[in-house]
1. Any chance you could give the angle, 0 to 90 degrees and rounded to 10, that helix 194-231 forms with the longest Cα principal axis of the chain?
2. Taking the 0 to 90 degree range and rounding to the nearest ten, how far is the long axis of helix 112-136 tilted relative to the main principal axis of the chain, both from C-alpha atoms?
3. Taking region 88-193, which chymotrypsin sites (Phe, Trp or Tyr not before Pro) meet the DSSP loop condition and have no more than 10 other C-beta atoms within 10 Å?
4. Counting other beta carbons within 10 Å of each residue's own, what order do Met184, Met36 fall into, fewest first?
5. How far is helix 3-29 tilted, in degrees, relative to the longest principal axis of the Cα atoms in the chain, given as a value from 0 to 90 rounded to the nearest 10?
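Rule-based calculations on the coordinates, nothing more; no lab input. Just so we're clear, the structure is a prediction, and the values are computed from it rather than from any experiment. FYI the Cβ positions are ideal-geometry reconstructions off the backbone, even for glycines, and counts take in every protein chain you see.
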Amino acid sequence: MNPSRSIGRAARREWGPLWTTVRAALAAERLRAVPMTLAAVGLTAVLHLVQNTSWGYGPVQALGAVRAEDPLLPALLRTPLSLFVPALDLPVWGALAQVLLVFGIAEICLGRRRTLLIAYVATLAGTLYARIGVAVGPGGFLGLPGSDARIVDTGPSAAVVALAVCVCWAYRARFTGGLVVVAMAAEVAVKGNLAGKEHLAAIAAALVLCTVPALCRRRGQGLDEGAGSRSGAPPIKS
């Protein structure tokens with residue numbers, strides 16, 4: 001058996017449907033296929049530029065910076081914008097590349113509304129986990145030290161991880177999805193920092209968003225089949 005052919009077949013099974021969907025959408029509509037992604041990239045870039053000015057840092061922090069020590073309501077109100085505020089200690093090109101690539105693929109493959117929902121829920125899961133982790137303390141499972149309550153928690157990374165998992169789930173790219181999960185778990189094992197643990201919280205939220213609708217559909221199909229068998233009536237052909 002030719003190893004290169006085996007690898008090629010495995011790659012086509014893993015990424016073929018996903019690649020076909022993305023390529024067809026971009027070929028037909030070009031940048032019109034990802035307007036939300038382009039807006040997200042633009043917003044992230046603008047917020048980066050503004051928060052690095054003397055006059056813009058304060059307003060951006062007031063509107064989009066989240067800390068575990070903040071009161072819950074202000075933190076929840078800031079959470080949507082915090083997704084697009086790049087972390088000051090990381091290169092902004094990394095955040096822009098993540099948003100462009102992963103949000104773009106998700107927008108094409110999952111749709112705009114679902115992409116926004118997953119991104120927001122994942123970011124919210126990370127925000128809420130930080131509070132729980134600090135309350136549990138460093139001695140508990142996935143707990144956090146009290147000093148993490150003062151860390152400014154912004155950026156798209158949690159949303160990006162969750163979207164990657166959901167896209168892999170939807171297109172049955174199981175190896176890639178598993179690799180994302182293993183990489184995030186390894187990050188926590190090596191660093192054990194707030195960002196890594198928030199990524200795990202985002203993955204957990206993504207898996208819930210993926211599995212619950214699937215289970216509901218399966219249960220609904222089971223009920224429909226059960227009702228048909230009890231009635232004795234033949235199935236209706238469409």
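1. Once rounded, one gets 30 degrees.
2. 50
3. Values: sites: Trp93, Phe103, Tyr120, Tyr129, Phe141, Trp169, Tyr171, Phe175; in loops: Phe141, Tyr171.
Here the chymotrypsin sites (Phe, Trp or Tyr not before Pro) that fit, given the DSSP loop and packing criteria, are Phe141.
4. Details: Met184 23, Met36 17.
Ranking Met184, Met36 by Cβ neighbours within 10 Å, fewest first, gives Met36, Met184.
5. The two axes meet at around 80 degrees.
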